[in-house]
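Enquirer: Mind looking over this structure? Questions follow.
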6 protein chains.
Amino acid sequence: MADIWLTSLITKTPQEGFELAIKMARMGVKYTQPSAEVRDRLRDAYANNADSLTAASQVIAVNFQTVAAANNYWK
Amino acid sequence: MADIWLTSLITKTPQEGFELAIKMARMGVKYTQPSAEVRDRLRDAYANNADSLTAASQVIAVNFQTVAAANNYWK
Amino acid sequence: MADIWLTSLITKTPQEGFELAIKMARMGVKYTQPSAEVRDRLRDAYANNADSLTAASQVIAVNFQTVAAANNYWK
Amino acid sequence: MADIWLTSLITKTPQEGFELAIKMARMGVKYTQPSAEVRDRLRDAYANNADSLTAASQVIAVNFQTVAAANNYWK
Amino acid sequence: MADIWLTSLITKTPQEGFELAIKMARMGVKYTQPSAEVRDRLRDAYANNADSLTAASQVIAVNFQTVAAANNYWK
Amino acid sequence: MADIWLTSLITKTPQEGFELAIKMARMGVKYTQPSAEVRDRLRDAYANNADSLTAASQVIAVNFQTVAAANNYWK
């Protein structure tokens with residue numbers, strides 16, 4: 001994957017950090033399934049399944065721990 | 001998502017921090033499934049499934065680790 | 001939820017900290033499913049399912065990490 | 001649960017710490033399902049299921065993080 | 001496994017660190033299932049299953065926490 | 001379990017640390033299912049299931065966090 005998408009973990013606000021964590025969760029999926037077409041097809045199913053959404057939120061939470069620590073919790 | 005919802009991880013009390021962790025867990029879901037109508041429909045199912053509730057509690061626990069560290073554990 | 005239930009993460013002993021972690025795991029469920037009647041009904045099922053019990057123990061373990069760090073591991 | 005079972009996170013060796021982490025994982029289950037009879041019955045099933053064993057190992061791993069930090073990694 | 005594949009956790013950029021985390025997640029699988037033929041066969045299934053992809057992203061997230069800490073978050 | 005198998009978390013290289021994390025993941029299973037015969041039988045099934053392999057990789061990742069911290073990330 002030649003694209004540059006992650007040059008820094010530093011963000012201006014906690015919310016931008018949360019959104020970076022979401023990006024990281026999605027990139028974790030993208031590296032495993034590079035086809036946008038397949039990912040779009042799968043999205044319909046899991047965006048309508050409560051447990052799948054909870055699992056997605058968990059991955060975001062783990063990534064946000066990393067981003068928050070990198071930013072010293074924006075203190 | 002243009003709304004500002006997370007400007008700080010600092011809270012006055014541990015309980016407010018716990019409630020922020022819940023908010024973060026729900027926002028993790030909301031970013032993935034933006035439709036309030038769909039989320040409400042899914043809520044009925046997972047709020048009546050023990051394993052779904054445990055999974056939700058796990059996401060809260062991970063987010064609370066972050067919030068608690070940000071607040072130096074309210075010491 | 002107006003009740004005050006979490007005013008401090010500090011406990012006298014590791015065991016009290018573990019029991020606080022259990023309380024936090026249960027409150028994570030309670031915020032998502034406020035009905036005590038529903039929770040009691042679900043309890044029968046998941047307390048008799050090994051994987052559900054392991055998942056519950058995992059949430060406790062994550063919360064205990066937070067409580068233990070808050071107490072500097074009771075050293 | 002009146003029994004005292006966790007008075008310290010400090011152990012002499014990493015292995016004793018690992019065994020304490022196992023104890024904590026089991027106590028997480030025991031607080032949720034206090035009946036030894038039920039737990040023994042469930043044990044047969046999950047001790048013969050690979051995914052259940054992996055999940056058990058995960059809870060031990062999370063608890064061992066806590067115990068290892070408490071012991072400053074036995075350095 | 002005689003091959004040397006992990007000599008350092010230090011990377012030049014966060015993205016290289018993320019890609020190392022992916023490598024670590026895959027090596028965790030490879031140590032358990034050394035047959036490339038079997039892994040390739042399994043890949044088709046899980047790369048087309050949303051929950052499997054989320055689970056893969058979670059393992060990457062956990063490994064990235066380690067790599068990011070090792071690099072002091074590239075600060 | 002009388003055998004001594006974990007006397008130190010310190011390893012010479014990150015890779016040896018990763019392999020120790022695998023050992024810890026397996027020992028977490030072994031303490032729960034001591035029968036080598038049963039574990040071998042289960043191995044066939046989960047080594048051919050993608051989700052089981054991902055779950056195994058997750059446990060390794062959690063244990064590797066502990067080992068890496070113990071070694072100050074081999075810096």
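Enquirer: If you scan region C:1-34, which residues turn out to be at the interface with chain B (Cβ under 9 Å from one of its Cβ atoms) and of a type in the set (S, T, Y)?
Expert: C:T7, C:S8, C:Y31, C:T32, listed by residue number.
Enquirer: Taking F:D44, is it within 21 Å of E:L53 (Cα to Cα) and open to solvent by 40 Å² or more (accessible area, probe 1.4 Å)?
Expert: Against the criterion (within 21 Å of E:L53 (Cα to Cα) and open to solvent by 40 Å² or more (accessible area, probe 1.4 Å)), F:D44 does not qualify.
Enquirer: May I ask you to say which residue of B:A45, B:A55 is at pLDDT below 95 and over 16 Å from C:V67 (Cα atoms)?
Expert: B:A45
Enquirer: Does B:E37 satisfy the criteria of being closer than 28 Å to C:E37 by Cβ, more than 7 Å from chain A (Cβ to nearest Cβ) and over 12 Å from the mean Cα position of the chain (by Cα)?
Expert: It is true that B:E37 is closer than 28 Å to C:E37 by Cβ, more than 7 Å from chain A (Cβ to nearest Cβ) and over 12 Å from the mean Cα position of the chain (by Cα).
Enquirer: Also, quick follow-up: I'd like to know if region B:5-19 contains one or more residues that are open to solvent by less than 20 Å² (accessible area, probe 1.4 Å) and aromatic (F, W, Y).
Expert: For region B:5-19, residues open to solvent by less than 20 Å² (accessible area, probe 1.4 Å) and aromatic (F, W, Y): present.
Enquirer: Could you list all residues from region A:1-57 that are within 18 Å of B:M27 (Cβ to Cβ) and among the small types (G, A, S)?
Expert: A:G17, A:A21, A:A25, A:A47, A:A50, A:S52, A:A55, A:A56, A:S57
Enquirer: Those residues that are of a type outside the set (F, W, Y), crowded, with 22+ Cβ neighbours inside 10 Å and within 7 Å of chain D (Cβ to nearest Cβ), I need them from region C:56-75; list them, please.
Expert: Within region C:56-75, C:A56, C:S57, C:Q58, C:I60, C:A61, C:V62, C:A68 qualify.
Enquirer: Which condition number in (1) over 16 Å from the mean Cα position of the chain (by Cα); (2) at pLDDT 95 or above; (3) closer than 25 Å to E:Q65 by Cα is the one that A:M1 fails?
Expert: A:M1 satisfies all of (1) over 16 Å from the mean Cα position of the chain (by Cα); (2) at pLDDT 95 or above; (3) closer than 25 Å to E:Q65 by Cα except (2).
The values are calculated or read from the model by the stated rules, or taken from the named source; none is laboratory data. None of the values given here were measured: they were computed from a predicted structure. Counting neighbours? That spans all protein chains shown, and the Cβs are built from the backbone with ideal geometry, glycine included. Quick note on the areas: whole protein, heavy atoms, side chains included, nothing else; ligands and nucleic acids left out. Shrake-Rupley method; radii C 1.70, N 1.55, O 1.52, S 1.80 Å.
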